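J.: Have a look at this one.
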Amino acid sequence: MHNIWLVYPDTAVFFLNYIHTPRHFMRTLKTQTIPKICLISCMSLVALVAMVYNVDDWFESVYGVLWWSGPVISHIFVNELFVKE
């Protein structure tokens, strides 16, 4: 999967926004189901708007090419520390 992302980076954005991230939330739906479903839906809409309007280019011009590394590392730490399988 990761090799495909190198050739077609747009597939990585789609996969992470619409499959990977919602899966994290779906694992925790045992409590507060409705608010989490609303959050997943809102985040998916925000991601769609960001992809349509190419927000990535703006972030890159403001924060540099590795702007995404902070959120990714934070995501990994939060899931490792707080999400119980």
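J.: Among the residues of segment 29-44, how many are exposed (fewer than 14 other Cβ atoms within 10 Å of the Cβ), over 19 Å from F14 (Cα atoms) and not aliphatic (A, V, I, L, M)?
T.: Of the residues in segment 29-44, 6 are exposed (fewer than 14 other Cβ atoms within 10 Å of the Cβ), over 19 Å from F14 (Cα atoms) and not aliphatic (A, V, I, L, M).
J.: Return the pairs, sorted by first residue and then second, in which the second residue is aromatic (F, W, Y) and surrounded by 10 or more Cβ atoms within 10 Å (Cβ to Cβ), the first residue lies in segment 60-74 and is over 18 Å from H24 (Cα atoms) and at pLDDT below 80, the beta carbons are less than 7 Å apart, and the residues are 6+ apart or on different chains.
T.: W67/F59
J.: Something else: Starting from segment 13-26, take each residue that is farther than 15 Å from V46 by Cβ and list its partners that are part of a helix (DSSP H, G or I), counting only C-beta distances under 8 angstrom and pairs at least six apart or across chains.
T.: From segment 13-26, the pairs are F15/W5; H24/N79; M26/I40.
J.: Checking the condition at pLDDT below 80 and under 12 Å from the mean Cα position of the chain (by Cα), which residue from F82, F25 passes? Even if it seems obvious, please write down each step before you answer.
T.: Values: F82 fails: under 12 Å from the mean Cα position of the chain (by Cα).
Matching residue, one of F82, F25: F25.
The values are calculated or read from the model by the stated rules, or taken from the named source; none is laboratory data. Every value quoted in this text rests on a predicted model; they were computed, and no experiment measured them. Glycine also receives a Cβ, built like all others from the backbone with ideal geometry; neighbour counts cover every protein chain displayed.
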